[in-house]
Amino acid sequence: MKKRVAIFISGGGSNMVRLLEDMALPGHAAEPVLVLANSADAGGLAKAAEMGVKAVSVDHRPYKGDRPAFEAALQAELDQVHPDILCLAGFMRVLTEGFVAPWEGRMLNIHPSLLPKYKGLHTHARALEAGDKEHGCTVHLVTPALDDGPILGQARIAIEDGDTPDSLAARVLVQEHKLYPAVLRQFAAGNTTPITL
């Protein structure tokens, strides 16, 4: 019996596309059942639909800061498809403990830094400002604390002379597209040994 996977996105969904492509390959222990965005104009929704996956939006704006009501709407969509695993793939809303706690141990996130360094936003600029020699991305289990939780995988790149936040972001994204599918494939099969790329 394959694990059922829901993916939350906010934008173009490039990591989501890589997850869907990998789940379509033979021998994968998971299958996608839902892609959800917090905006109807998120580009990833059309891509998911083209790939044959149910794609829905729950716009956060009408909730005007009422996070529990927004999260209840998210959960209502999840309740229709009964996923086993929830993957956050560029989902730009902070989720409360009330939403996260029931999913603990089953919710994954990808973050563009080598956690525990640079939780939150502007990770590439912060790595450059700190004079770091390397940078990368992390897939971790989600806990109520922001960008916290057990690490399931990391991919590293060297920071080069002349790098800008944009050039760094582009190179890290290439690694994200390799790391997240590799971690999900292993996680869905019941293996939580951290991966290093």
Taking a ≥ b ≥ c as the square roots of the Cα gyration tensor eigenvalues, with a/c under 1.5 meaning rounded and otherwise prolate when a/b beats b/c, else oblate, which class fits the range 1-68? prolate
Whenever you get a sec, compute what percent of the accessible area on the range 67-120 sits on carbon and sulfur atoms (1.4 Å probe). 55 percent
Exposure of R126 as accessible area (Å², to 10), given a probe of 1.4 Å and all protein chains: 80 Å²
Dipole of the chain (Lys/Arg Cβ +1, Asp/Glu Cβ -1, origin at the Cα centre): which of L20, Y63, V81 lies farthest to the positive side? V81
For a label point 7 angstrom out from the Cα of S14 toward its Cβ, which stretches of the range 171-197 have the backbone nitrogen within less than 12 Å? 171-178
Normalised contact order of the chain, rounded percent, pairs of Cα under 8 Å and 6 or more residues apart: 20 percent
Would you mind getting the accessible area per residue of the chain, heavy atoms of the protein chains only, 1.4 Å probe, in Å²? 47 Å²
Positive minus negative residues near E160 (Lys, Arg vs Asp, Glu; Cβ under 11 Å): -1
Radius ratio Rg over Rh of the chain, counting only Cα atoms, Kirkwood formula for Rh: 0.96
Considering only DSSP states other than H, G, I, E and B, which GluC sites (Glu not before Pro) in the range 1-87 qualify as loop sites with at most 10 other Cβ atoms within 10 Å? none
Residues with beta-carbon under 13 Å from that of S57, excluding S57: net charge, scoring Lys, Arg +1 and Asp, Glu -1? 0
Averaged over all directions, how much area does the convex hull of the C-alpha atoms of the range 80-167 cover when projected, in nm²? 6.3 nm²
I'd like the Kirkwood hydrodynamic radius of the range 116-197, using the inverse of the mean 1/r over distinct C-alpha pairs, in Å. 13.4 Å
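The values are calculated or read from the model by the stated rules, or taken from the named source; none is laboratory data. None of the values given here were measured: they were computed from a predicted structure. Positions of Cβ are backbone-derived with ideal geometry, glycine not excepted, and every protein chain shown enters the neighbour counts. Surface areas here come from the heavy atoms of the whole protein model, side chains and all, with no ligands, DNA or RNA. Shrake-Rupley method; radii C 1.70, N 1.55, O 1.52, S 1.80 Å.
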